[in-house]
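Right, one structure below, let's go through it.
Just so it is clear, none of the values below were taken in a lab; they were calculated from the coordinates. It should be emphasised that the depicted structure is a prediction, and the values quoted were computed from it without experimental measurement. A quick note on method: Cβ atoms are made from the backbone with ideal geometry, for glycine too, and the neighbour counts reach across all protein chains shown.
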Amino acid sequence: MELPTALYEPTDDGYVATALTIGPWDPGLQHAGPPAALLLRAAEAAGGVEGGQTVRMAYDIFAPVPVGPVAVRTAVVRPGRRIELVEAVLTGAEDRPLMRLSAWRMRTRTDGSATTDLPHPAAAARSRAGPRTPPSSPRRSPTTGPWSGGSPPAASIPPARRRPGRDRGASSWPASP
């Protein structure tokens, strides 16, 4: 079997997903990674900040994305000279939204230099706090008692006892092993 050369083939009104986008659960549905990459590419192309860089992304998956034709529409929700919010929406048949990306983009320094001589904020806070001394007794874990460090044992989460008509919300509660 010969594999396609791209995840998506461009068409006049969007893209057609190739076999490379098929997810592991259903051969008719895409894995979320390829449409997420397509949305990010579209958002970066739509951005208006000169020399901008995407600094924060949030994806919303509204419905499974079928393998087949899809379209992407973009909008700059919050324009600006230094920072902007770009939204990209992936739609399927009948313009039904399937995924959405909200991407904050920020202008980078024009001279290309980076400040490298600043300490990390956590290191600066530790140096202000003074030297650390080990505790005289072992720390206590809220679930397992004395704890000498490292990874604590995993907590078991048994099903909660529910009272019909009275309990709502959580169906299990953490308990110590």
Two-site label geometry, ALA75 and THR108: point separation in nm, points 7 Å out along Cα→Cβ:
2.9
Out of every Cα pair in segment 1-115, what percent are spaced more than 18 Å from each other?
53
Among segment 42-75, those whose backbone N falls under 17 Å of a label point 7 Å along Cα→Cβ from GLU9 are 67-71
Between ILE83 and PHE62, the FRET efficiency computed from the C-beta separation at R0 = 30 Å comes out, to the nearest 0.05, as 0.70
Could you derive backbone 3J(HN,Hα) for segment 45-54 from the dihedral phi with the Karplus parameters 6.51, -1.76 and 1.60 (θ = phi - 60°), listing whole Hz in sequence and x where the residue is Gly or Pro?
6, 7, x, x, 6, 4, x, x, 9, 6
Show the residues, 5+ positions off or on another chain, whose built amide H is closer than 5 Å to the amide H of GLN30.
GLY23, VAL65, VAL67
So which trypsin sites (Lys or Arg not before Pro) in segment 15-117 end up in coil per DSSP with only 15 or fewer other C-beta atoms within 10 Å?
ARG81, ARG82, ARG109
